[in-house]
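Colleague: Dropping the structure in here first, questions after.
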Amino acid sequence: MASTDVGTKTGGPAAAGPSIVPQGPARLALIAITVAVLAQTLRFSLPQLDHFADGTGTGVAALAVLAVYLAGFAAPLIRRAAGPRGLLLAGVGGLFAVRLLAQAIGPQTWLAFVGTAIGMIAVAGLFEGARGLSGVGFATATVAGLSADSAIRMCFATWDPVWRSGIAPWLPCLLFVGLGAAALYRELASGPVTAPGISWRDALGAAAIGPFLALQVLVLSSPAFVASSGWRSLTAAHVVIVAGQGLALAFLASGLAVRAVPGGVCVLGGTLLGVGAGTVAGTYAVSGIEVVPIVIVGQVLSAWLLAVACRAPLRRAGAGGPVWRIDVGAALGGLLIALILVPYQVSAVSPLPFPNNALPGLAGILLGALAAAAAARGGPLPARAPLRALTAGAAALLLLAGTLIFTVAAPDGTAKAGPVPGQVRLLSYNIRDSVNQDGRLDPEGVARTIEAQRAQVVLLQEASRGSLLSGTTDVGVWLSRRLGMKLIWGPAADGQFGNAILTSLPVRSSGTGRMAKGDWSQIRGYVWARLAVGETTMDVWSTHLEGGDDQAEERAREVAALVRAWGGAPRTVIGGDFNAEPGSPELGDLMDTDLRSAALGAETPPTTSDGRRVDQVLGSDGLMFTDYDVPRSEASDHYPVAVTVRIGR
């Protein structure tokens with residue numbers, strides 16, 4: 001590796017004291033594993049932080065979350081008190097310990113706070129442990145770590161092993177933590193050198209890790225995102241991600257990057273990345289095949305911009321200010337993760353004063369701007385190596401092992417047959433992203449609740465397919481495979497959060513729609529399917545109306561839109577979370593049709609854990625209802641509404 005370490009003199013003495021010099025492949029392994037474990041920690045912490053907000057209120061939760069993401073600014077103090085080795089051990093070593101503890105006891109709210117705070121310190125430790133590596137090498141290791149993380153997730157159908165028990169989930173945990181601990185030990189045993197001087201401008205390059213990771217977690221390394229937004233199978237989605245990661249690794253390994261990258265080129269690259277990410281992510285996103293090239297090109301662009309931005313903070317020598325400036329830059333990067341991901345997560349349940357598409361767009365633009373700030377600064381660059389590029393790209397094919405395991409693994413369950421010909425057991429269920437009443441991501445609990453009712457048709461609300469609220473798990477696909485049922489998806493708030501239908505019956509046709517609004521709050525929607533039942537058909541609809549006592553007018557507008565879309569077709573069941581009690585005035589347009597409650601006029605039991613009766617099943621002419629039930633379950637904050645539907649001729 002050719003190296004020309006160039007410093008930028010800004011005045012003032014360089015900070016004294018030893019720094020860690022990475023040796024051999026251990027440095028690459030340490031970066032890759034740290035980034036992978038940090039991504040896992042962010043994913044399991046986001047649902048827990050949302051659960052915390054439910055119990056404490058938005059104001060208290062916002063302050064607590066902000067405090068946690070500001071923890072990275074303690075890195076300079078840790079460096080001063082314990083030296084660079086202490087910073088590396090506290091951040092990276094602490095992150096590995098959190099990952100191990102989370103697997104042992106399961107994600108907890110307190111552990112989410114502690115893990116996120118340590119993760120922010122680990123970002124600064126990451127740059128200390130990578131001292132002397134080129135920006136290209138750093139970016140290569142980062143992409144490799146995220147690639148391995150995505151492949152492992154695919155083995156578990158995107159439901160992170162950290163949420164699960166048993167031998168299989170422990171294996172990747174021990175693999176990541178074991179290899180990471182070994183690499184960390186090697187780095188701590190490395191010989192120290194004098195820390196470099198650094199300017200504030202150069203130090204800002206370390207902040208690029210923040211928007212980079214935010215884009216990876218939300219879009220670029222999320223198979224569920226590509227599957228739901230691109231309308232691809234989960235298998236095809238991961239192939240797309242592997243293709244992008246393989247091209248990124250090949251490009252970085254080729255040495256095609258040049259020393260003096262014009263800042264304007266970085267700004268242009270970041271703008272293109274931001275526009276692409278904002279186009280496919282958010283409430284007003286495009287969907288379909290367009291997602292595929294944006295994700296592939298986005299992987300290459302984001303990796304290149306990270307490599308450019310991180311050159312200067314990683315150099316081993318130079319004149320300038322104290323090295324703790326890099327810690328501050330890295331801490332700023334950690335804060336940027338929160339400023340992008342947390343509001344995006346909140347936008348699924350509460351309105352923002354701007355479209356949430358702006359957040360992934362901002363991440364791309366920030367990444368380009370930070371790369372531009374450090375574009376012409378010094379740092380080692382590899383020579384051009386076409387063979388190495390081919391090797392790196394081909395190595396990405398190994399990541400398809402996760403896809404292979406996912407594809408060949410048989411579903412755990414098989415859909416139950418109907419008890420009597422001409423009758424259908426139907427369930428309407430707001431599953432709240434499969435987060436149970438304890439705040440734990442628990443798709444298995446939802447699956448068991450559905451199985452207990454022997455349902456052939458399941459109308460789902462608040463179903464997630466890559467939502468941050470479910471740790472980016474593709475809950476829809478996971479439930480479909482687990483129950484042996486077909487999935488019909490209906491995006492609402494964005495491409496990762498909406499309504500769905502699961503069924504074991506033949507599907508004749510289906511469709512979906514959204515109820516546009518005049519502000520930036522969550523868009524509601526519906527999904528429908530025409531199912532074959534013997535020699536006839538039955539239409540089923542799943543929907544979720546606006547919540548809030550002050551939103552009756554909005555619900556009435558949504559009901560009117562739903563009735564227009566339905567059109568009065570016979571043999572129709574409409575179920576969902578109406579966010580209104582039976583007989584509420586805003587449901588008038590539904591009651592003015594031939595739709596009637598499946599409860600047959602009886603006083604219905606509460607359908608939520610706080611005693612409300614907002615989940616309903618309605619049916620039109622040609623249908624009869626029996627065996628109405630609201631079974632209790634802690635798999636969600638809503639209880640399912642179950643009913644047997646008899647089809648008339």
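The values are calculated or read from the model by the stated rules, or taken from the named source; none is laboratory data. In this text, all values refer to a predicted model and were calculated from it rather than measured experimentally. Note: ideal-geometry Cβ built from the backbone for every residue, glycine included; neighbour counts use all protein chains shown. The accessibility values were calculated without ligands, DNA or RNA, using every heavy atom of the protein model including side chains. Shrake-Rupley method; radii C 1.70, N 1.55, O 1.52, S 1.80 Å.
Colleague: Yes or no: the range 42-61 includes at least one residue that is within 26 Å of Asp637 (Cα to Cα) and outside any helix (DSSP H, G or I).
Modeller: yes
Colleague: To continue, here is another question. If I filter the range 146-159 for residues that are closer than 21 Å to His51 by Cβ, touching a residue at least 12 places away in the same chain (Cβ under 8 Å) and not in a helix (DSSP H, G or I), do I get at least one hit?
Modeller: yes
Colleague: Let me ask you something else. Identify, from the list Gln423, Gln437, the residue that is open to solvent by 10 Å² or more (accessible area, probe 1.4 Å), closer than 30 Å to Phe113 by Cα and of a type in the set (S, T, N, Q).
Modeller: Gln437
Colleague: What number goes with the only condition from (1) surrounded by 17 or more Cβ atoms within 10 Å (Cβ to Cβ); (2) under 25 Å from Asp438 (Cα atoms); (3) at pLDDT below 90 that Leu590 does not pass?
Modeller: Failed condition: (2).
Colleague: Of everything in the range 46-96 that's polar (S, T, N, Q) and in contact (Cβ under 8 Å) with a residue 60 or more places away in the chain, which residue is most open to solvent (accessible area, probe 1.4 Å)?
Modeller: If we take residues in the range 46-96 being polar (S, T, N, Q) and in contact (Cβ under 8 Å) with a residue 60 or more places away in the chain, then Thr58 is most open to solvent (accessible area, probe 1.4 Å).
Colleague: So which residues in the range 203-235 are farther than 17 Å from Asp327 by Cα, assigned to a helix (DSSP H, G or I) and of a type in the set (Gly, Ala, Ser)?
Modeller: Ala214, Ala224, Ala227, Ser228, Ser229, Gly230
Colleague: Against the conditions (1) in contact with a Leu (Cβ under 8 Å, 6 or more places away or on another chain); (2) open to solvent by 10 Å² or more (accessible area, probe 1.4 Å); (3) among the hydrophobic types (A, V, I, L, M, F, W, C), where does Ile337 fall short? Just the number, please.
Modeller: (2)
Colleague: Test of understanding: among Val477, Val507, which residue is at pLDDT 95 or above, open to solvent by 10 Å² or more (accessible area, probe 1.4 Å) and touching a helix residue (DSSP H, G or I) at 6+ places or on another chain (Cβ under 8 Å)?
Modeller: Sole residue among the options that is at pLDDT 95 or above, open to solvent by 10 Å² or more (accessible area, probe 1.4 Å) and touching a helix residue (DSSP H, G or I) at 6+ places or on another chain (Cβ under 8 Å): Val477.
Colleague: Looking at (1) touching a helix residue (DSSP H, G or I) at 6+ places or on another chain (Cβ under 7 Å); (2) surrounded by 18 or more Cβ atoms within 10 Å (Cβ to Cβ), which one does Ala181 not meet, given that it meets all the others?
Modeller: Among (1) touching a helix residue (DSSP H, G or I) at 6+ places or on another chain (Cβ under 7 Å); (2) surrounded by 18 or more Cβ atoms within 10 Å (Cβ to Cβ), the lone unmet condition for Ala181 is (2).
Colleague: Anything in the range 331-346 that is among the β-branched types (Val, Ile, Thr) and over 11 Å from Leu218 (Cβ atoms)? List them, or say none.
Modeller: Val342, Val346
Colleague: Please go through the range 603-624 and pick out each residue that is open to solvent by 10 Å² or more (accessible area, probe 1.4 Å) and either touching a strand residue (DSSP E or B) at 6+ places or on another chain (Cβ under 6 Å) or outside any loop (DSSP other than H, G, I, E, B) (or both).
Modeller: Gln616, Met624
Colleague: Give the residue that is surrounded by the most Cβ atoms within 10 Å (Cβ to Cβ), with candidates limited to residues of the range 282-323 that are hydrophobic (A, V, I, L, M, F, W, C) and in contact with an Asp or Glu (Cβ under 7 Å, 6 or more places away or on another chain).
Modeller: Ranking the candidates gives Ala312 first.
Colleague: Mind checking which residues of the range 555-569 are open to solvent by 40 Å² or more (accessible area, probe 1.4 Å) and part of a loop (DSSP other than H, G, I, E, B)?
Modeller: Answer for the range 555-569, where residues must be open to solvent by 40 Å² or more (accessible area, probe 1.4 Å) and part of a loop (DSSP other than H, G, I, E, B): Gly567, Gly568.
Residues are listed down the side, and each one gets a yes or a no for (1) free of Cβ contacts under 8 Å to residues at least 60 places away in the same chain; (2) in a strand (DSSP E or B); (3) more than 31 Å from the chain's Cα centre (by Cα):
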position	(1), (2), (3)
Lys517	yes, no, no
Val527	yes, yes, no
Leu531	no, yes, yes
Thr537	yes, yes, yes
Glu553	yes, no, yes
Pro582	yes, no, yes
Leu590	yes, no, yes
